[in-house]
Amino acid sequence: MSAWETVVGLEVHVELSTATKMWCGCPTTFGDAPNTNVCPVCSGQPGALPVPNARAVHDATLLGLALGGTIAPRCRFHRKNYFYPDLAKNYQISQYDVPLVSDGVLEVEVERDGELVLETVRIERLHMEEDTGKSLHLGATGRLHGADRSAIDYNRSGVPLLEIVSRPDVRDPETAQAYLRELQAIVRTLGVSDARMEEGSIRCDANVSVRRPGEPLGTRCEIKNLNSVRSLGRAIAHEAARQIAVLEDGGSIVMETRHWDEDAGVTRTLRRKETVTDYRYFPDPDLVEVTTSPRRVAEVRAELPELPAAARARLVAAGVPRAQAATVLGGGMLALLDAAVAAGAPAPAAANWLAGEVTGWLAAEGVALADAGLTGTHVAELVAMVEEGAVSATQAKQVLAGVLEDRGAAGPRAVAEARGLSQLRDEGELARVVAEVVAANPDAVAAVRDGNDRAIGALVGQVMRATGGSADPRRTNELLRAAIGS
Amino acid sequence: MSADPALTRLGAAALGAAVGAGEVTAREVLEAHLDAIAARDGVVADGDVWHARDAADLGPDDLHAFLVVTAARARDAADAVDRRRAAGEALGPLAGVPLALKDVLTMRGAPTTCGSRMLEGWVPPYDATVTERLAAAGIVVLGKTNMDEFAMGSSTENSAYGPTRNPWDPDRVPGGSSGGSAAAVAGGLAPLGVGTDTGGSIRQPAAFTGLVGGKPTYGAVSRYGLVAFASSLDQAGPFARDVTDAALLHAVMAGPDPRDATSDPTDPADVVAALGRGVEGLRVGVVEELEEAGCEPGVRAVFLAAVAALEAAGATVERVSLPHAGYGLPAYYLVAPAEASSNLARFDGVRYGRRVDAATAEAMNAATRGEGFGPEVRRRIMIGTHALSSGYVDAYYLQAARVRTLIARDFATAFDRVDVLISPTAPGVAFRIGAVADPLAMYRNDVATVPASLAGVPAVSVPIGTADDGAGSGPLPVGLQIMAPLRADDRCYRVARAVEAVVGFDPDPAAHGAGVRR
């Protein structure tokens, strides 16, 4: 019997980072005290009316064009009716029969057997809608089950949301992950969303089914609660394996929504879909059609920046390793890299800093790039200092940390000076330290003489420690070997 | 404070002029009307905010037009107008004129119930655009008036707070759903009223109470702060005892509003400037389908007399067909409930108004809605939910939407031939409280008014005389409806003014020997 084929379609929700909400002037700030960013409109007060956020329509159009989609000349908003306490009006304003964008495409790079393969995922539609509030369950467990009472925070209610629905073109977890990463990179490049999964500003559901190759699509299950790119991949792999096991056992797949349990590494039934919710869609009579003329499409298209795929190709051509290019783009650091290059840094060296130390520091400190205060000039200066030998590699990392800690208030040279970080250039001083280390470590010196090349590393480390990291490791190595006579 | 009861018999323009000229203060005008309310309306006239008595405690002649009278706030507003005048500021034509506001429009800090138990205790945190515009014009809002629950009804009997009585006969309804505002103006409790009209809720009560009432072109008046019944149909509009007053109030209310996406962004028609132009040479079309729509003989006779008078005044009159108008009622009673089923979903006990506690959110929603909504509201929510349901939406909601398009096209075609269309406003005169128990019979009151609503065109009802219901009612008012093309609200008022001039109707029930129960 032939192998099974996994078929995945992805639904991605992107919260736009517009200053104000979709239908009112409330701020979209994340993390404010509950119910401080609310008004009659987004809290669903009787008589209040929605007015579309022109910026959100623009951003949706821009993303649609970036995805190669067709912009509908006329489209409207529908009401999706269902009762839920965090839905302030008990209907969500969304789009139904005619989405703003249809027929897009996303090409993603997937590593397969050590080689990068280009996969194409078609996008069925991109439509505009609004986010809901958030239920908070107050009680011992913090979950609905066992809660004493519930409270609702409407700060997020009415935040503009885009839903991007792919065709079932994805065949493996890696492609799904690459698709999500690429979407993240695109929305960040466009500046329409910060696309942070941990804050929920980008969310992904996966529709997973399995079949024998060539057969019609199998029954699908929708997987929810995917909180990272990693969990997306794990969940698809687990779900496909589960479905295959059921089918090979002679069972059948029930169409349902399943919840990904990150800790247990399994999906569990959330709700069966046999009782299909009837959303009673109808055109929202509070809103008029959204019209987009060909001229408007051309205007917005002219705003498109260089997209990640093109930027990636450009960086690779400039000598940046593929993995680093991906990290720079995924982290929204392309502009910073370009600024560093413009300020004189070679692209590979600048990319190395951004993809390595900078990314690591931001993640460890939980600081957003935009808040770090790092400029292209800073990066170029740091690269130049290492190049000149003004600081050692170890010191350079300390300098960078200093720049970031001060949120860019002082540049690398100023930080190095303030902290007394400079590479030891006094050959006499270095030679003296080397002689001391050689004298104090006869065993290691003997080992080096016996041809144990790794022992030299321990000696270099001793010299670095003795000089507070200010020695040039290469020069130290040379001096050590000369002193030992190996 | 001295209050001259004669002030309650003056129209809005006259009162505004007297205030502007310093012949009387806005406060004196207000006190005269507060006195009238205290005497006739069945409110507990005490304190800053006067509340209506419970239905069981109302006297047999209490009009029960107001649910709440915001007395202190009105006194502040009137005093502010008087201070502005004293300071030499130029005042608008309606500054210092009291007004009765339908309880479906929000006014910050004053309770808004929409005639429902569901919203008991809700105090809106914001002003409707209409409310803001009234305040900017120096109009003094007296309070909030009774209405059919969530504007669903044609008699004001569906109010959770008990029916409003018709000043022409306290045993009869004032029409609805804006019956409270109509009764207030007809009964001399206010010279001006604001109602809302979804399928006839201003025009039919205007006809039943001998008033001028207008439904503006859809989009002419902002709906921001109007608690929605059917969003694609709802429009707020004026009630007054003469056409000029109604036009002046329309002019205050209409205009673009960035807070309402369906608001017409262009400048509204100047309804006041058009008033004196007469009907000489104007082409008037009598809508065949609406003239023949089961009118009582008395209504029909008064209507034909008015048509003849229009002709005599120089208009050319012809009969015009709106072929799909007969489908207006069924289409309306699908579109409006469908929208209502969604609009009223927000009343769930979570955020405001009534809450009936239960173990789960779902059970709390259900208990709250079951208890908070009256029978007619529940009926329409169920009809509307069904009309939008998967498997039925095409046969009901979408079919009704298609009929609506055909009706709009009928109007457009008709307006190629004539300048305005006319019909009786309602098929009969005001009926007795409790006399129409069958919902479908009640819906038939709207037969002549829903076509204009579905097409979005402006329509004004103007009183043209009185008729007997054929069962000994004595004289009760009859209204004539004037419909004009989209945005031609000025034409409605111009023709209404001409009709008023030739008919010479006196809006005071006493002048007709009415105002008593028969």
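The values are calculated or read from the model by the stated rules, or taken from the named source; none is laboratory data. This structure is a prediction, so every number in the text was calculated from the model and none was measured. Quick reminder, even Gly has a Cβ in these numbers, built from the backbone with ideal geometry, and neighbours come from all protein chains shown. Protein only, heavy atoms only, side chains kept; ligands, DNA and RNA dropped before computing areas. Shrake-Rupley method; radii C 1.70, N 1.55, O 1.52, S 1.80 Å.
The sum of -39500 (n - 2.57) across all DSSP H runs of n ≥ 4, divided by the residue count of the protein assembly as shown, sets its helix-only mean residue ellipticity at 222 nm to -11000 deg cm²/dmol.
Here chain A is treated with +1 on each Lys and Arg Cβ and -1 on each Asp and Glu Cβ, and its dipole about the Cα centre works out to around 680 debye. In the context of the full set of protein chains, residues of segment B:331-388 present 36 Å² of accessible surface per residue (probe radius 1.4 Å, heavy atoms only).
Before I look further, what does segment B:5-253 give for accessible area per residue, probe 1.4 Å, in whole square angstrom?
Details: 6020 Å² over 249 residues.
Per residue, segment B:5-253 has an accessible area of 24 Å².
Remark: segment A:427-485 carries 54 Å² of accessible area per residue (probe radius 1.4 Å; ligands, DNA and RNA excluded). Dividing the mean sequence gap of close Cα pairs (under 8 Å, 6+ apart) by how many residues chain B holds gives a relative contact order of 16 percent. The long axis of helix A:308-317 is offset from the longest Cα principal axis of chain A by roughly 20 degrees. On segment A:308-418, 56 percent of the accessible area sits on carbon and sulfur atoms, based on a 1.4 Å probe. Within chain B, the longest run free of exposed loop sites, counting GluC sites (Glu not before Pro) that sit outside DSSP helix and strand states (H, G, I, E, B) and have at most 14 other Cβ atoms within 10 Å, spans B:293-518. Its Cα gyration tensor gives segment B:5-253 an equivalent ellipsoid. The semi-axes, each the square root of 5 times an eigenvalue, are 24, 19, 17 Å from largest down.
Interface burial in segment A:280-313, defined as at least 10 Å² less accessible area with all protein chains than with the chain alone at a 1.4 Å probe, covers A:280, A:281, A:282, A:283, A:285, A:286, A:288.
Its Cα gyration tensor gives segment A:5-296 an equivalent ellipsoid; the semi-axes, largest first and in whole Å, are 31, 25, 18.
Which of the DSSP-defined H helices in chain B satisfy a minimum axial length of 18 Å, computed from C-alpha atoms, and a minimum mean Kyte-Doolittle hydropathy of 0.5?
B:297-312
For segment A:206-291, the relative contact order is 25 percent, taking Cα pairs closer than 8 Å that sit 6 or more residues apart in sequence and dividing their mean separation by the residue count.
Rounded, prolate or oblate: which fits chain B, taking a ≥ b ≥ c as square roots of the Cα gyration tensor eigenvalues, rounded meaning a/c under 1.5, else prolate when a/b beats b/c?
Judged from the Cα gyration tensor, chain B comes out rounded (a/c under 1.5).
Share of carbon and sulfur in the accessible area of segment A:5-296 stands at 49%, probe radius 1.4 Å. Taking all Cα pairs closer than 8 Å and separated by 6 or more residues, the relative contact order of segment A:330-449 comes to 22 percent.
For segment A:313-378 and segment A:239-290, what is the centre-to-centre distance using only Cα atoms, to the nearest Å? Their Cα centres are 39 Å away from one another.
Let a ≥ b ≥ c be the square roots of the eigenvalues of the Cα gyration tensor of the protein assembly as shown; is it rounded (a/c under 1.5), or, if not, prolate (a/b larger than b/c) or oblate? Judged from the Cα gyration tensor, the protein assembly as shown comes out prolate (a/c at least 1.5, a/b above b/c). The accessible surface of segment B:256-324, taken with every protein chain in place and a 1.4 Å probe, is 55 percent carbon and sulfur. Would you work out if segment B:140-277 is rounded, prolate or oblate? Take a ≥ b ≥ c from the square roots of the eigenvalues of the alpha-carbon gyration tensor; rounded if a/c is under 1.5, else prolate when a/b is larger than b/c, oblate otherwise. Oblate is the answer for segment B:140-277, as a/c is 1.5 or above yet b/c matches or exceeds a/b. The angle between the Cα long axis of helix A:229-248 and the longest principal axis of the Cα atoms of chain A comes to about 60 degrees, rounded to the nearest 10.
Tally Lys/Arg at +1 and Asp/Glu at -1 over every other residue whose Cβ is under 10 Å from the Cβ of residue B:75; what's the total? Spelling it out: positives minus negatives among the neighbours equals -2. Buried accessible surface for the A/B chain pair comes to about 2600 Å², total over both chains, computed with a 1.4 Å probe. Angle of helix A:473-484 to the longest C-alpha principal axis of chain A, folded into 0 to 90 degrees and rounded to 10: 30°. About the centre of its Cα atoms, the protein assembly as shown shows a dipole size close to 440 debye [charges on the beta carbon of Lys, Arg (+1) and Asp, Glu (-1) only; nearest 20 debye]. Of all lysines in the structure, those lying under 26 Å Cα to Cα from residue B:102, and not within fewer than 8 positions of it along the same chain, are A:89, B:144, B:215.
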